[in-house]
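**Q** Below you will find the structure I want to go over with you.
The values are calculated or read from the model by the stated rules, or taken from the named source; none is laboratory data. What you see is a predicted model, and the numbers here were worked out from it, not measured in a lab. Positions of Cβ are backbone-derived with ideal geometry, glycine not excepted, and every protein chain shown enters the neighbour counts.
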Amino acid sequence: MGKDNNTSKKSKPRAPKEGANPKKFKKKTSILLTDKIEYIDYKDVNLLT
């Protein structure tokens, strides 16, 4: 009988390397939030697109 290579090993999560620049995602801001619109008329298609 040989060794079983399919043993389940849990790998530790890797820590980010120092100096490595992780991808920073920019949040999408809504026009409705930036203009501080309180009421949204969902029938106004031009505003929503």
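**Q** Determine whether the stretch 42-49 contains at least one residue that is at pLDDT below 75 and touching a Pro at 6+ places or on another chain (Cβ under 8 Å).
**A** no
**Q** Let me ask you something else. All but one of (1) modelled with pLDDT of 75 or more; (2) assigned to a loop (DSSP other than H, G, I, E, B) hold for K10, so report the exception by its number.
**A** (1)
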